[in-house]
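To keep things clear, I will list the structure first and then write my remarks on it.
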Amino acid sequence: EAKSVGRSRVRFHDPGVQSILESRFRLEIELRRAIERQELTLVYQTQVGLAGQCEGVEVLLRWHHPELGYIPPSEFIPIAEANGLILPLGQWVMDAACAQLARWSGDPDLGSLILSVNVSSKQFHEPDFVVMVMETIGRHGINPARLCLEVTESMVLDDLDDALVKMTALRETGIRIAMDDFGTGYSSMAYLSSLPFDEVKIDKAFVQKAEHDVSGGEWVIIETIITLSHKLGMKVVAEGVETAEQHRLLSELGCDRFQGFYFGRPVDIDAFARGRAEVFVGQ
Ligand code: C2E
Ligand code: MG
Ligand code: MG
Ligand code: MG
């Protein structure tokens, strides 16, 4: 366990702080080795369209450590962001995702899917981010229009000018850009109109909160997000759809695509390829 390492280092009076620092320190060391030890994998979560057909897929990073077990991205991504490891990590994800797109390219079903990749703020704001993406796409010989990059509002706000330049350059190549986790953070509608997004993903927390507030304010906000996004020519994806009721309500409001446990958990590539042809509506 994490507590057994680092006995000789500075100790804190607060055992909570001590163990947080120790486990964080251990994770940092372990994460450095994770790529070369092949502990990282990708899982794939389907995005279904209005007719219930699989239209897209989000790729999510998984880290299984031989001793520590499964470590969720919410734990290791912030560490990787803070120490710069997110750069090799993010590049590994981009490379593996593009390799997967290349493998699918001739397939009658999988060949038309759009694959979404999460990008972190540090990665996105690196000066050579666009070059890195284009180099990876070129090396795998894939069509840029099949790749979607998911960025968050806070990332964009970290440096609005840089974000605008990069988003414009990426979109000129045909790559799609999604705003992830919309509905959390500031969620300013003004950014939607000033930045060139192809799609907006309504955050799962928001989707789930709104279900209990069908006649209230949350719901009105979702409706407004959808209407505005459509007016701006953007597609709307609902994240974290877990129930038939959420799906029904969101379809009525005009969401274009749905992602969540109701349609399928993130799964490994073989399970994803097996399940892709399923149609979910009416289940
Ligand atoms: P995200 O991009 O918003 O991804 C969606 C998260 O919601 C995923 O969590 C997914 O497993 C989870 N999810 C999907 N459907 C449902 C549902 O119906 N209910 C609930 N409760 N959760 C659902 P995950 O895989 O733990 O990833 C968490 C976050 O970590 C992601 O949020 C993303 O911000 C980040 N992340 C994951 N993979 C990568 C990556 O390759 N690169 C970067 N930079 N960040 C990543
Ligand atoms: Mg995402
Ligand atoms: Mg996210
Ligand atoms: Mg999200």
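Assorted remarks:
- Residues in segment 144-158 that are modelled with pLDDT of 95 or more and more than 14 Å from ligand 4 (Cβ to nearest atom): P144, A145, R146, L147.
- All positions within segment 249-277 that are charged (D, E, K, R) and either under 30 Å from G233 (Cβ atoms) or at pLDDT 95 or above (or both): E252, D256, R257, R265, D268, R276
- Selection count, segment 146-162, where residues are more than 17 Å from the chain's Cα centre (by Cα) and either within 16 Å of ligand 3 (Cβ to nearest atom) or not in a loop (DSSP other than H, G, I, E, B) (or both): 5
- Flag if Q208 is surrounded by fewer than 19 Cβ atoms within 10 Å (Cβ to Cβ), under 22 Å from the mean Cα position of the chain (by Cα) and within 16 Å of ligand 3 (Cβ to nearest atom): yes
- Segment 186-206 residues that are farther than 17 Å from H247 by Cβ and within 13 Å of ligand 2 (Cβ to nearest atom), paired with ones that are among the acidic types (D, E) and assigned to a loop (DSSP other than H, G, I, E, B) (beta carbon under 8 Å, 6 or more apart): E199/D256
- Whichever residue in segment 109-124 is among the polar types (S, T, N, Q) and in a strand (DSSP E or B) and, among such residues, is nearest to ligand 4 (Cβ to nearest atom): N118
Rundown of residues vs (1) over 23 Å from D268 (Cα atoms); (2) out of contact with any strand residue (DSSP E or B) (no Cβ under 9 Å at 6 or more places or on another chain); (3) surrounded by fewer than 21 Cβ atoms within 10 Å (Cβ to Cβ), yes/no style:
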{"residue": "I86", "(1), (2), (3)": "no, yes, no"}
{"residue": "L89", "(1), (2), (3)": "no, no, no"}
{"residue": "M94", "(1), (2), (3)": "no, no, no"}
{"residue": "G106", "(1), (2), (3)": "no, yes, yes"}
{"residue": "E126", "(1), (2), (3)": "yes, yes, yes"}
{"residue": "V133", "(1), (2), (3)": "yes, no, no"}
{"residue": "A145", "(1), (2), (3)": "yes, no, yes"}
{"residue": "T152", "(1), (2), (3)": "yes, no, no"}
{"residue": "T168", "(1), (2), (3)": "yes, yes, yes"}
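- Wholly enclosed strands (runs of 3 or more DSSP E) of segment 21-103 bearing at least 3 residues aliphatic (A, V, I, L, M), under 18 Å from V133 (Cα atoms) and touching a residue at least 12 places away in the same chain (Cβ under 8 Å): 54-65
- Taking each residue of segment 126-151 that is within 26 Å of G106 (Cβ to Cβ) and looking for partners that are among the basic types (K, R) and crowded, with 20+ Cβ neighbours inside 10 Å with beta-carbon atoms closer than 6 Å, six or more apart or interchain, yields C148/R176.
- Taking (1) polar (S, T, N, Q); (2) within 16 Å of ligand 3 (Cβ to nearest atom); (3) touching a Cys at 6+ places or on another chain (Cβ under 8 Å) in turn, Q45 satisfies each apart from (3).
- Qualifying positions in segment 160-190 - at pLDDT below 90 and closer than 24 Å to I114 by Cα: G183
- The residues of segment 61-78 that are surrounded by fewer than 17 Cβ atoms within 10 Å (Cβ to Cβ) and of a type in the set (A, V, I, L, M, F, W, C) amount to a single one, L68.
- Of all residues making up segment 209-245, the number that are of a type in the set (D, E) and at pLDDT below 85: 3
- Within segment 170-190, the set of residues being surrounded by fewer than 17 Cβ atoms within 10 Å (Cβ to Cβ), away from ligand 4 (no atom under 16 Å from the Cβ) and of a type outside the set (S, T, N, Q) comprises R171, E172, G174, M189, A190.
- Output for segment 244-269, where each listed residue is charged (D, E, K, R) and under 20 Å from the mean Cα position of the chain (by Cα): D256, R257, R265, D268
The values are calculated or read from the model by the stated rules, or taken from the named source; none is laboratory data. This is a predicted model, so every value here is computed, not measured. Counting neighbours? That spans all protein chains shown, and the Cβs are built from the backbone with ideal geometry, glycine included.
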